[in-house]
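The values are calculated or read from the model by the stated rules, or taken from the named source; none is laboratory data. Keep in mind that this is a model prediction, so the values were computed, not measured. Because the Cβ atoms are built from the backbone with ideal geometry, glycine has one as well, and the counts that use them run over all protein chains shown.
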């Protein structure tokens, strides 16, 4: 899969953090290690944006970025690895991957400490990065919510590494029978493979919010949660998924380093994850196969 395309979307408007604009720096830092000829970038408005009565903070900018991302995706060779930016930047890439495959054939694996399953009524912050998965399931304002072939079904979704669900999110997961693989279960990569196989999918979209990792492994995340996944367990799980299923696309989100030195400290871990997404799928990948230039 060495021919994967990369799409950088330095969107920050979906974040609820007071340090959201660090996400721009994080995306820029990662881009510096991507292959230039296969890397493209979506322009993100400088303005925060307005909610326009949608219940979503900065809705106008988020909708504009979604449209611009979809237009760029239409020009790129699949699979595309999207680099954020906040988790809301995953909206168009996941919609695009679902629409490009037969209905029900793509499972979405959401490696994330959080559920991102709030809606405009349950969200405690109004920040879209906590609602994006619910929007992919079709619940959200026009301009963001999925519909038709781009809509994700609960049966196609697997939450992996999640450990910080709001009460409403927990109820939604239970009511809809959404599959969950805990951080501890990811010690065995077959756990995530079996969860995806149970969906009946033949392809997988892999979303990675870096806060799925244990905070001891990475500093540049805005919403750390204890007892997370170790990098080697995450990369093993990704490679196991790629050995079994077609990769329909992937996203790596929420890198928010404090400064350039902090970014440099975290980049080796991030490049290992990108290598698992784009490099050899053997358990022990050859040295230098991290997907970077």
Practice task
All but one of (1) at negative phi; (2) surrounded by fewer than 23 Cβ atoms within 10 Å (Cβ to Cβ); (3) in a loop (DSSP other than H, G, I, E, B); (4) modelled with pLDDT of 95 or more hold for residue 14, so report the exception by its number.
Solution key: (2)
Exercise for the section: Can you work out which of the residues in segment 188-218 that are out of contact with any helix residue (DSSP H, G or I) (no Cβ under 6 Å at 6 or more places or on another chain) and assigned to a loop (DSSP other than H, G, I, E, B) is surrounded by the most Cβ atoms within 10 Å (Cβ to Cβ)? Expected result: 201
Completion exercise
Of (1) closer than 26 Å to residue 160 by Cβ; (2) surrounded by fewer than 22 Cβ atoms within 10 Å (Cβ to Cβ); (3) in contact (Cβ under 8 Å) with a residue 24 or more places away in the chain, residue 102 satisfies every one except (3)
Exercise for the section: Taking only segment 170-183 into account, find how many residues are outside any loop (DSSP other than H, G, I, E, B) and touching a strand residue (DSSP E or B) at 6+ places or on another chain (Cβ under 9 Å). Expected result: 5
Practice task
Report the residue count in segment 42-58 for those that are surrounded by fewer than 22 Cβ atoms within 10 Å (Cβ to Cβ) and either assigned to a helix (DSSP H, G or I) or within 19 Å of the chain's Cα centre (by Cα) (or both).
Solution key: 1
Completion exercise
Exactly one of 93, 79 is touching a helix residue (DSSP H, G or I) at 6+ places or on another chain (Cβ under 9 Å) and either farther than 29 Å from residue 241 by Cα or surrounded by fewer than 24 Cβ atoms within 10 Å (Cβ to Cβ) (or both), and that one is 79
Exercise for the section: Take the residues in segment 138-149 that are in contact (Cβ under 8 Å) with a residue 24 or more places away in the chain and either under 16 Å from the mean Cα position of the chain (by Cα) or within 19 Å of residue 86 (Cα to Cα) (or both), then tell me which one is surrounded by the fewest Cβ atoms within 10 Å (Cβ to Cβ). Expected result: 143
Handout entry: Test set (1) touching a strand residue (DSSP E or B) at 6+ places or on another chain (Cβ under 6 Å); (2) surrounded by 23 or more Cβ atoms within 10 Å (Cβ to Cβ); (3) not in a helix (DSSP H, G or I) - residue 30 fails condition number
Key = (3)
